[in-house]
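What follows is a set of notes on a single structure, which appears directly below.
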2 protein chains.
Amino acid sequence: MVKPWKEIDSDIEYSCNWFSVQRTRLLSPKNNVEHNFHHLLQHDCVNIIALTEKKEVLTVHQYRHTIDRISLETPGGVIDASDPSPLDAAKRELREETGYISDNWHVLGTFHANPAVMNNTCHSFLALQARKMADPDLDLTEDLETELISLPGIVDRIENGDITHGITLASFLKFEFFRIKNPELF
Amino acid sequence: MVKPWKEIDSDIEYSCNWFSVQRTRLLSPKNNVEHNFHHLLQHDCVNIIALTEKKEVLTVHQYRHTIDRISLETPGGVIDASDPSPLDAAKRELREETGYISDNWHVLGTFHANPAVMNNTCHSFLALQARKMADPDLDLTEDLETELISLPGIVDRIENGDITHGITLASFLKFEFFRIKNPELF
C-alpha cells in the first residue's frame, strides 16, 4: 500500500507574478530515504466549455509563448481572490475573454492540471445557451480571438493538432462523460 | 487575427533538478505593450495507456506531495536524453514503473501539458496485449503500486475523483478518439 511521504522541511526558493517554487524535503515511508522535491504553487483555475444555442463550442485563439504558437483553447483562467467561488470565476473569465454569458451552468468536475510539478486544481464548467452580450474585456497583456466550432468540428481540431492544451483536453473528457449521462440537455 | 508576440529578451531566473524558470520580455503586436512572462522549461514527457489481453488498463498509485494525496494515474515520465525516441521512452517508463512490456504499440498523439506556464510536449501511447515480465525497477525516490482496472471501471474512477491527473485525462480523451476510429483493435 502506497503511503504519503512525511514532510521534513520546506521553503520558497523562487517567486514571480504567476507562481512560486517550493522546495520540500520528504521522507519516503518505504525506505526512509530523504529527497528534495520542487513544485509550483499556483492559483486554482477554471476552464469553461460554453455551447451556444446552436450547440457550437466557444473557443479562443491565443498566442502561447511557451510553445511559440497560436493555441486554440476553451476559455479559462486563474481564480482571483475576489471571486466568491470557482463558478463566479468561470462566469467572469467567460465574460472577460469572450463577451459571452450564460444562465445555464453545470459542473463538469475538478482535476489537477499536472500534480507531478504543480499544486493547483482546475474546475471545469459547462455553460449552455451561451450568448454574446458585449465585446471581450481584455487587459493589455491579452490578445484573444473567439471562434465558434461545431461539436464534430472540435473532434477534428483535436485530431489534427489545432487543439493541444492539456487542460482543454481534460475538460472535453469530463464533458463527454457529462453528455453521456445527460443526453436530454443536448 | 492573433499574431505571435515578439521576444525582446529572456533569461533563466531559477533552476532545480526538475525544471528551470525562464523570464521573457515580450512585445504585444496588438498594442505595442511590453510585458514580462515567466514559464517553466521542462523535459518532454510520455504517458502510456496499457491494456492487458483482458482489456484491463494498467494504472499506478503514487504519492503526489503537490496535492498531498495518493494519485491514481497511467504510467509515464520524462523523456531522458538517452531515450532514442518518445516511443522508446514510453517502453522504458512502462517497464520501469510496472514491469510490463508490450509488442503492440500505437501512437495516441501529442499535446501540451499546460502551455500557459510550461513548454513541454506530452506524447501519449497505447500499448495493447501488455504483459508482466518482471518486477518494477524503481529508484529510491519512487514508490508505486499497480492496479488493473476495466475500461468501464476507469470511467467510474474518473467520475468518483480517484483519477484527477490532467495528463492522464487528456490521454484518455485521445484514447477514446483512437478507439472510435479503430474498433477492430478492441
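Report yes if some residue within the stretch A:81-101 is modelled with pLDDT of 95 or more and assigned to a strand (DSSP E or B); otherwise report no. Yes, there is a match, as at least one residue in the stretch A:81-101 is modelled with pLDDT of 95 or more and assigned to a strand (DSSP E or B). Would you check if A:ASP88 is more than 19 Å from A:ASN182 (Cβ to Cβ) and under 18 Å from the mean Cα position of the chain (by Cα)? Judged against the criteria, A:ASP88 is a match.
Flag not set for B:HIS165, criterion: facing chain A (nearest Cβ under 9 Å) and farther than 26 Å from A:VAL2 by Cα.
Okay, residues lined up against (1) closer than 15 Å to B:THR59 by Cβ; (2) within 12 Å of chain A (Cβ to nearest Cβ); (3) among the small types (Gly, Ala, Ser):
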| residue | (1), (2), (3) |
| --- | --- |
| B:LEU94 | yes, no, no |
| B:GLY109 | no, yes, yes |
| B:VAL117 | no, yes, no |
| B:LYS132 | yes, no, no |
| B:LEU138 | no, yes, no |
| B:THR146 | yes, yes, no |
| B:GLY161 | yes, yes, yes |
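Taking the conditions (1) more than 8 Å from every other protein chain (Cβ to nearest Cβ); (2) more than 18 Å from the chain's Cα centre (by Cα); (3) hydroxyl-bearing (Ser, Thr, Tyr) in turn, B:THR98 satisfies each one other than (2).
So that you can scan it fast, the table gives a plain yes or no per residue for (1) crowded, with 22+ Cβ neighbours inside 10 Å; (2) without any contact (Cβ under 8 Å) to a residue 12 or more places away in the chain; (3) closer than 18 Å to A:ILE167 by Cα; (4) assigned by TED's automatic domain parsing to the domain that holds A:ILE167:
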| position | (1), (2), (3), (4) |
| --- | --- |
| A:ASP83 | no, yes, no, yes |
| A:LYS91 | no, no, yes, yes |
| A:ASP103 | no, no, no, yes |
| A:HIS106 | no, no, yes, yes |
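Look through the stretch B:71-80, keep the residues that are in a strand (DSSP E or B) and of a type outside the set (A, V, I, L, M), and return whichever of them is surrounded by the fewest Cβ atoms within 10 Å (Cβ to Cβ). So, considering only residues that are in a strand (DSSP E or B) and of a type outside the set (A, V, I, L, M), the one surrounded by the fewest Cβ atoms within 10 Å (Cβ to Cβ) is B:GLY77.
The values are calculated or read from the model by the stated rules, or taken from the named source; none is laboratory data. Please read these numbers as outputs of a predicted model, since none were measured by experiment. Heads up, the Cβs are rebuilt from the backbone with ideal geometry, glycines too, and the neighbour counts pull from every protein chain shown.
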